[in-house]
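K.L.:
Mind having a look at this structure? Questions to follow.
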Amino acid sequence: MTKSSPIFIMMRPQEKKIDKKDACQKCYRPLYHCFCGKVQAQKNAPAVLILQHPQERYKLLNSAALAHAMLDKSILKVGLSWRNFSHALGKEADPKKWGVLYLKGGDETGKTMEIFDAKKRPLTAAAGLPALSGLVVIDGSWKQAKALWWRNPWLLRLNRIMLNPKRASRRPQTKKEGLSTIEAVALALECLGEAPAISASLVKSYEDLILAPINKSAK
């Protein structure tokens, strides 16, 4: 299998969630697919805050825990709402120096990433593109992501990082522009100037530690 080849998952609907009693309580993978001890945290410059919908934790294809394990500066919070940005992050921070990530799709500019301020004004190098301290990622289905967005109005105070992926996700998606959480994080970090090796490592680990074992078990 080449690095860019897609992995197609064939499985029955009832296999898409992991039984809690059969899951590792650290990485939330099936015990026979546990990746604890198989990954090494990488030093990332922009921090990553992942807000995970509670129903996502035991999804078989979920990648949030893997992204968190692989990024030294990352926080994974599970819940539906937080009072404000500092409450979610666990410390005081300037929301103007952070961006919330979401997929745009159907981009006419040809840009893989665009950044807008809280007033939806495009930010460019010429206009003084901010050096972002970190990015917030919502982990959930499209419906769950919308619920988290509306339950946390403080997200509107952050910059908006819009992604327009040029290649399809490595797993099945309900929308063609959809990406797994770890793929979206990898793409965003690289667009923000992070070392390409970090993004490549995130994607490769997702293929090897989550997609490949599932695909193998389904055959």
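The values are calculated or read from the model by the stated rules, or taken from the named source; none is laboratory data. Just so it is clear, the structure is predicted and the values come from calculations on it, not from any experiment. For neighbour counting, all protein chains shown are included, and Cβ atoms are generated from backbone atoms with ideal geometry for every residue, glycine included.
K.L.:
In region 46-61, which residues are within 11 Å of Lys77 (Cβ to Cβ) and not in a strand (DSSP E or B)?
P.N.:
His53, Pro54
K.L.:
Here's a follow-up. Look at Gln40 and say whether it is surrounded by 10 or more Cβ atoms within 10 Å (Cβ to Cβ), out of contact with any Asp or Glu (no Cβ under 8 Å at 6 or more places or on another chain) and at pLDDT below 95.
P.N.:
Yes.
K.L.:
Still on this structure: Scan region 134-171 for residues that are among the polar types (S, T, N, Q) and either closer than 19 Å to Ile182 by Cβ or surrounded by fewer than 16 Cβ atoms within 10 Å (Cβ to Cβ) (or both) and jot them down.
P.N.:
Listed by number, the residues that qualify are Ser141, Gln144, Asn164, Ser169.
K.L.:
Give the residues of region 97-144 that are among the small types (Gly, Ala, Ser), at pLDDT below 90 and not in a loop (DSSP other than H, G, I, E, B), sorted by residue number.
P.N.:
Of everything in region 97-144, nothing turns out to be among the small types (Gly, Ala, Ser), at pLDDT below 90 and not in a loop (DSSP other than H, G, I, E, B).
K.L.:
Could you pull out every one of the helices (runs of 4 or more DSSP H) wholly within region 145-218 that has 2 or more residues that are within 14 Å of the chain's Cα centre (by Cα)?
P.N.:
Filter on region 145-218 gives 181-191, 196-206.
K.L.:
In region 173-202, what residues are among the hydrophobic types (A, V, I, L, M, F, W, C), crowded, with 21+ Cβ neighbours inside 10 Å and more than 18 Å from Glu114 (Cα to Cα)?
P.N.:
Matches in region 173-202: Ile182, Leu202.
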